[in-house]
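Asks: Just dropping this structure here.
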Amino acid sequence: MTRITLYKIFIAILFCCFAVKGMAQTKDAKSTKVHHFTFYAGVGPNYYFNNLVLAKQKVNELNYSFVGRIMWEPKYNLSLGIESGYNRLYSVNADLPAPHGSAHIVNVAIPIRIVVTMKFFQNFYASFNMGQSILLNKVSTSEYGTINASTLSLGDFGLDIGYKRLINDRIYLGSEIKGTYSSKLQDKNIALVFFAGFRF
């Protein structure tokens, strides 16, 4: 064989290899669906920074949080979403002056917030959220029954730092530290949340 014939055979083989690789990539791209939205749900303990004056020593500062979040996550590092949940801020068990019996008090925050998240490593991210919270105050007494009250906190803020890993094409697992400030009663708490996410 001449050198020109070998050169033509080599070029033909290279062309076939690139053509097969290109068809395979096109087929994979068509078969892989792009997911831009993710729903996250999580639960974990939280700690309330006790700022009460009355019955300060009787406050149970360690409680729990549930979190739900829907995020729009394009291919860029920034994502946007909305978050809600159930944060039990604190509880109090107190004996009232005689003859009024005892009281059990629970304070809960239900947030409704806009979330902006920025990914700064492959699996690490930070989030800033702001919005409102519905504050629920539940008082149960041994002598006077139950009293429930609610109010709205308009200026609430939060900062989260977390880690998440994609387990398969749709499922995330991770955890995050959530710091929250509620302006209505100047409540502050921090939570450690373990969550799962589903892309759709």
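The values are calculated or read from the model by the stated rules, or taken from the named source; none is laboratory data. This one's a predicted model, so the numbers in the text were calculated from it and none came from an experiment. Cβ: placed from backbone, ideal geometry, glycine included. Neighbour counts: every protein chain shown. Areas reflect the complete protein model, heavy atoms only, side chains present, ligands, DNA and RNA absent. Shrake-Rupley method; radii C 1.70, N 1.55, O 1.52, S 1.80 Å.
Asks: Quickly run through segment 72-102 and pick out the residues that are of a type in the set (Ser, Thr, Tyr) and more than 18 Å from PHE198 (Cα to Cα).
Replies: The answer is TYR76, TYR86, TYR90, SER91, SER102.
Asks: Considering every residue within segment 127-145, establish whether at least one is within 29 Å of the chain's Cα centre (by Cα), β-branched (Val, Ile, Thr), open to solvent by less than 70 Å² (accessible area, probe 1.4 Å) and within 30 Å of ASN77 (Cα to Cα).
Replies: no
Asks: Still on this structure, please answer the following. Does TYR48 qualify as being within 30 Å of GLY197 (Cα to Cα), more than 18 Å from the chain's Cα centre (by Cα) and at pLDDT 95 or above?
Replies: yes
Asks: Applying the selection to segment 154-200, what residues are of a type in the set (Ser, Thr, Tyr), crowded, with 18+ Cβ neighbours inside 10 Å and at pLDDT below 95?
Replies: Within segment 154-200, SER182 is the sole residue that qualifies.
Asks: Something else now. What pairs come out if I take residues in segment 73-93 that are closer than 11 Å to LYS119 by Cβ and pair them with residues that are open to solvent by less than 90 Å² (accessible area, probe 1.4 Å) and charged (D, E, K, R) whose C-beta lies under 6 Å away, six or more apart or interchain?
Replies: Partner pairs satisfying both residue conditions: ASN77/LYS119; SER79/GLU73.
Asks: Consider PHE124 carefully, then state whether it is open to solvent by 50 Å² or more (accessible area, probe 1.4 Å), modelled with pLDDT of 95 or more and either in contact with a Ser or Thr (Cβ under 7 Å, 6 or more places away or on another chain) or within 12 Å of TYR163 (Cα to Cα) (or both).
Replies: Taking the combined requirement at face value, the residue satisfies it.
Asks: Among the residues of segment 50-104, write down those that are of a type outside the set (A, V, I, L, M, F, W, C), open to solvent by 30 Å² or more (accessible area, probe 1.4 Å) and assigned to a strand (DSSP E or B).
Replies: Answer for segment 50-104, where residues must be of a type outside the set (A, V, I, L, M, F, W, C), open to solvent by 30 Å² or more (accessible area, probe 1.4 Å) and assigned to a strand (DSSP E or B): ASN60, TYR64, SER84, TYR86, ARG88, ASN93, ASP95, SER102, HIS104.
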